[in-house]
Structures are given as structure tokens and as C-alpha cells.
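The values are calculated or read from the model by the stated rules, or taken from the named source; none is laboratory data. Since we're looking at a predicted model, the values are computed, not measured. Reconstructed Cβ throughout: ideal geometry from the backbone, glycine too, with neighbour counts over all protein chains shown.
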Amino acid sequence: MNITMSVSGDLEKGIRKYPHIKWTEVARKAMTEELGKVRKLEILQKFIDKEKFSDEDEEWMNRNNWHPIEQLALNPKFIKEAQRIEKKGRYL
């Protein structure tokens, strides 16, 4: 797919000032990163809603070495309990 973009003002001036930069690649990278963020949010929402992941979701997570559990903060109760156990000399 080809995409045509219009730029103007300071953005256009900056692009013209640095013609050695491969601006198409910069745009492609930015779009890829944004798409990854959106995909993570979709999968994270499924995780929160306790929906089953599709095969496509699983493939994407494996390909990107990412799982939604990595985005969730540890429960403070869990941290406190782990610290209590550690003080007693018992490790998880």
C-alpha cells in the first residue's frame, strides 16, 4: 500500500533542511510503533475482560515477545507478602 502525506510549515522546512534523512523510513517506523501500541492496547483489553486470545493474538505476542501481564503493576498486597516472606528467610 502506498500512502501520500501533505506536510507544511515547520515540518516541511525541517524535512527540506535535512534531505539526507530517509523520511519515508522515519514515517514507516513511527506508524509501525503506533500500530504496535494500538495492538497492545487491544490485547490488554482482552486480557482485562478475560477474553480468550485469538491465534492471531498469540502469534503477535510471540513474534513481539510481549504479554499483557507485563503491563500490569504488581499488586501491593503481593509485594508486601513477598517482603514479609523474604524477611523470614523464605524465598519464593
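Within region 29-56, residues that are more than 14 Å from GLN71 (Cβ to Cβ) have Cβ atoms under 9 Å from residues that are surrounded by fewer than 10 Cβ atoms within 10 Å (Cβ to Cβ) in these pairs: MET31/ILE3, counting only partners at least 6 apart in sequence or on another chain.
Give me the residue from region 6-28 that is small (Gly, Ala, Ser) and surrounded by 11 or more Cβ atoms within 10 Å (Cβ to Cβ) and, out of that set, nearest to GLN71 (Cα to Cα). Restricting to residues being small (Gly, Ala, Ser) and surrounded by 11 or more Cβ atoms within 10 Å (Cβ to Cβ), the top hit is ALA27. When residues in region 37-74 are screened for being of a type in the set (Phe, Trp, Tyr), at pLDDT 90 or above and in a helix (DSSP H, G or I), 1 of them pass.
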